[in-house]
Amino acid sequence: MNGTQGAGGNMRVRAGLWAVAALVTATATACAFPLRDLGPLPERYAGPPLAADEAVADLTAAMAEEGVTVRRMPQDLSPLACHEALTAEHPSADVDPVLRAGFARARSGHGWQDAPHPAEGMLSLRKADWTATTQLTGSASAGSPTAQIVITLLCDGARSKSRAPEAPPVASPPAG
């Protein structure tokens with residue numbers, strides 16, 4: 001091996017190290033963006049929790065004042081603790097004005113406040129540790145004379161329900 005080949009090989013190693021260093025730097029810079037500080041988390045409600053029955057009663061009354069009778073989903077159908085769902089069918093295909101009026105009634109007459117909307121086309125209210133959301137339907141599909149209303153309520157700290165432990169299998173007695 002002559003001296004030129006050794007230097008050339010050494011130059012290739014250095015170039016390779018620089019390439020790796022540049023790649024690591026670029027990766028670290030790209031990953032830093034999602035980790036940037038977005039400031040403090042929004043404040044959670046610090047007062048006493050509101051009973052689920054009271055939250056449901058408020059929204060049920062507000063919607064009833066707008067002519068919509070909502071039904072509470074049975075708790076055994078919900079996979080989440082601290083979760084409620086209210087449903088109704090409305091005879092009009094255009095239910096958005098009714099939803100807006102019901103949520104406005106909940107604000108004005110039942111102490112609910114506007115909450116940040118989780119997505120475009122949704123309404124959201126907050127009272128104590130509960131948040132209520134509903135999806136605006138726009139114009140319902142042609143040929144459907146009714147519209148489905150679903151109002152979802154979640155409290156702070158909602159989590160999956162723990163499942164009841166299954167009974168151990170019973171061993172069959174030995175034959176004999």
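In 10 Å bins starting at 0, how do the alpha-carbon pair distances of the stretch 49-122 split up by percent?
Result returned by the calculation: 17, 48, 33, 2.
Calculate one ³J(HN,Hα) per residue across the stretch 92-108 by plugging θ = phi - 60° into the Karplus curve 6.51 cos²θ - 1.76 cosθ + 1.60, and present them in order as whole Hz with x for glycine and proline.
Ordered by residue, 3J(HN,Hα) equals 9, 6, 9, 9, 4, x, 5, 4, 4, 5, x, 5, 5, 5, 5, 5, 6 Hz.
Ignoring any ligand, DNA or RNA, what whole percent of the accessible area of the stretch 58-143 comes from carbon and sulfur when the probe is 1.4 angstrom?
Answer for the stretch 58-143 is 54 percent, counting heavy atoms of protein chains only.
Given the peptides 121-127, 107-113, 57-63, arrange them by the average over their residues of other C-beta atoms within 10 Å, most packed first.
Taking the mean over residues of other Cβ atoms within 10 Å, the ranking is 57-63, 121-127, 107-113.
Per residue, how much accessible surface does the stretch 68-112 expose to a 1.4 Å probe? Answer in Å², no decimals.
On a per-residue basis, 50 Å².
The values are calculated or read from the model by the stated rules, or taken from the named source; none is laboratory data. All values reported here derive from a predicted model rather than from experimental measurement. FYI the Cβ positions are ideal-geometry reconstructions off the backbone, even for glycines, and counts take in every protein chain you see. Surface accessibility is based on the protein's heavy atoms, side chains included, excluding ligands, DNA and RNA. Shrake-Rupley method; radii C 1.70, N 1.55, O 1.52, S 1.80 Å.
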